[in-house]
Structure formats: structure tokens, C-alpha cells
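As C-alpha cells, the structure follows; a few thoughts come after it.
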Amino acid sequence: MAVQGHEDVWPRPKACRVISVANQKGGVGKTTTTVNIAAALAMHGQRVLVVDLDPQGNASTALGMERDSQTRSIYHCLVEDEEIRKLAQPVPDIPNLWCAPATIDLAGAEIELVSLVAREARLKRAFAAYDTTDLDYILIDCPPSLGLLTVNAMVACDEVMIPIQCEYYALEGLGQLLRNVELVKSHLNTGLSISTILLTMYDGRTRLSQQVAEEVRSHFGDLVLKTLVPRSVRVSEAPSYAQSVMTYDPTSTGAVAYLEAAREMAHRAEGISAG
Ligand SMILES: Nc1ncnc2c1ncn2[C@@H]1O[C@H](COP(=O)(O)OP(=O)(O)OP(=O)(O)O)[C@@H](O)[C@H]1O
Ligand SMILES: [Mg+2]
């Protein structure tokens, strides 16, 4: 079962941690983070479900999900009350990791949801009907918007994880994301909090990357993981082989960073469940 070189088992959370990976800015590393943190956790004894809530379906692709016109996806769960258990598929080559895939139908869900009862709580309802005692983590990959899909993720989760790309416009739009989290918290999900910020695509050679990292740390303090994810070609190549970088090239700088970031998250579980 254990993947070579990664035999140590990390502490399991007392109850399943449901984490939305969100940032309405596009291309900041949400999907890469979701997929690789999930893979790293699964490789260290955690039982993990990735929910692909983005019509682009990038997380499903990166996790090797086979999809055709017959595939039941998270769309059917949101719009037709299909059970998650029936559509989650095991991820090839990574024991303990499952994915509830997205198909292109999901592109219409943002509009179809509008007319449904409790439209903001469809995913939460699906999770409630799902026995999560067999899981340690659910990671939800959000689309780059603050529409109903992302709201569904925020209503269904306990924690929000925000990947921030170390580039010039990194903090732009973040205020809007934080306000949305507050809105959902005050009206729809009082248990919600931002638990984790991860700096991605860090380039230590540039002053700009260092400045952004410093600025994010001074603003968000301990929410920011110590581990920075560097820019790494191997990270960007992995999805085209339908793999996470954790399996594609486990010794690459990107894989090592995601492993360390996942380790930090796993060891923070105690503090979070206590608070
Ligand atoms: N650490 C990294 N090093 C190099 N390339 C990276 C790294 N992280 C992500 N990328 C690449 O950057 C691009 C955007 O990443 P990703 O798809 O994870 O972002 P996203 O926030 O999910 O995007 P979207 O908003 O479109 O869903 C992808 O091509 C990905 O392979
Ligand atoms: Mg994405």
C-alpha cells in the first residue's frame, strides 16, 4: 500500500475535515494545490475525497478520471440529488484517494441551481447524506468565480484554503473573497473559517516573489503555511500525464513542497478541531 519512501503515517483528524480550495482569481494554483495536497495526504495514510466543482474538470483530468457522456458527475449530485458514493471513483495508483469528477454539464449548473430549493446548500445536503466516517479529508476544487458553485462549496465546508500566487496582482480581489467568506459565515455557515493560505509559484530569485510572500505573511500571519511552493516545470507537466506531481516525479522540488505543505496541514488538525 505504502508508496516508496513515504511510509510514515500522519495523525488523522478526529472528524473528516472538509476544505474548500478557493480564490476567484484564475490560474493561481487551486487545482494543482487540491490534487497534490490530496495525493500527499493519501500517501500518508489519510483517506481523502477530492470533489471537482469546476466545470473545467482540471482536477478530474489530473487524477486520471475516465469521463464520457454517460459519466455521472458532481453535476448530477447538485442538480439531480445523485449520491456522492455512487459517482466517486478511486484514483488510479493512489490508494485511499477518490475523486467525485466534474463533467462539462457543470457549466450549466450555475444557472440551473438558481431555480432549485436551497440552492446554496445542495453540496452540503449531498455531504450530509454521505457517510464521511470513512474519510479524513474532503478537498473541494472551486472554479475561478464567486458564483453559486463556490458558495455551495463554502456552505458545505468547515475550512477555506486560499492559494495565492506570488505575483504582482496577487492581493487584488482578495478583499472580495474575504468578504464573501464573511457573508457565507454570517448567513449560511457559522462554522466557516479561513484556515490555510498557501503561497504558490514562488520564484525565490525575484524580489517581487519575496515581496508578495512577505506582504501575505504580514497580513495573514499564522494562517500562511511555512512551506512555499516553488515554480516547477514538473508540477505543470504532471496533469498532461493524468497524474499528480506526487506520483509523476516525487523527488521534484514541487512534489517535495506539496508534501511538506500537506504535512503542515495534517499536523495543524488538532489546533483547528480544538478551536
Ligand atoms: N508550482 C507550479 N509551478 C509551475 N507551474 C504551476 C505551478 N502551480 C501551478 N502551475 C501551473 O499554472 C497553471 C494554473 O494552475 P492551476 O490550474 O492549478 O490554477 P487554478 O487556480 O486551478 O486555475 P483556474 O482558476 O483556471 O481553475 C497550470 O498550468 C499549472 O500547471
Ligand atoms: Mg482550477
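The values are calculated or read from the model by the stated rules, or taken from the named source; none is laboratory data. Just so it is clear, the structure is predicted and the values come from calculations on it, not from any experiment. Glycine also receives a Cβ, built like all others from the backbone with ideal geometry; neighbour counts cover every protein chain displayed. Accessible surface areas use protein heavy atoms only, side chains included; no ligands, DNA or RNA. Shrake-Rupley method; radii C 1.70, N 1.55, O 1.52, S 1.80 Å.
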Within the range 26-69, the residues that are among the charged types (D, E, K, R) and either on the phi > 0 side of the Ramachandran plot or crowded, with 21+ Cβ neighbours inside 10 Å (or both) are LYS30, ASP52, ASP54
Requested in this report: Might you check whether a residue that is under 24 Å from GLN56 (Cβ atoms), at pLDDT 95 or above and out of contact with any Pro (no Cβ under 8 Å at 6 or more places or on another chain) occurs anywhere in the range 186-194?
Outcome: yes
- Has the range 54-61 got at least one residue that is modelled with pLDDT of 95 or more, assigned to a loop (DSSP other than H, G, I, E, B) and of a type in the set (Asp, Glu)? yes
Evaluate the range 28-36: report whether one residue or more is within 26 Å of THR133 (Cα to Cα) and touching a His at 6+ places or on another chain (Cβ under 8 Å). no
Picked from the range 186-204 (must be farther than 19 Å from VAL256 by Cα and either open to solvent by 70 Å² or more (accessible area, probe 1.4 Å) or among the hydroxyl-bearing types (Ser, Thr, Tyr) (or both)), the residue nearest to the chain's Cα centre (by Cα) is SER195
Within the range 93-121, residues part of a loop (DSSP other than H, G, I, E, B), at pLDDT 95 or above and either out of contact with any Lys or Arg (no Cβ under 7 Å at 6 or more places or on another chain) or over 30 Å from TYR248 (Cβ atoms) (or both) come out as ILE94, PRO95, ALA102
All-but-one check, GLN211 against (1) farther than 18 Å from ALA59 by Cβ; (2) surrounded by 15 or more Cβ atoms within 10 Å (Cβ to Cβ); (3) more than 14 Å from ligand 1 (Cβ to nearest atom), failing number (2)
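A quick yes/no check of all residues on (1) of a type outside the set (A, V, I, L, M, F, W, C); (2) in a loop (DSSP other than H, G, I, E, B); (3) under 30 Å from ALA170 (Cα atoms):
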position: LYS14; (1), (2), (3): yes, yes, no
position: GLN24; (1), (2), (3): yes, yes, yes
position: VAL28; (1), (2), (3): no, yes, yes
position: ALA38; (1), (2), (3): no, no, yes
position: ASP68; (1), (2), (3): yes, yes, no
With the structure loaded, tell me whether ASN96 is under 19 Å from the mean Cα position of the chain (by Cα) and more than 16 Å from ligand 1 (Cβ to nearest atom) or whether it fails that test. yes
Residues of the range 229-264 being out of contact with any strand residue (DSSP E or B) (no Cβ under 8 Å at 6 or more places or on another chain) and not in a helix (DSSP H, G or I), in sequence order, are SER232, ALA242, GLN243, SER244, ASP249, PRO250, THR251, SER252
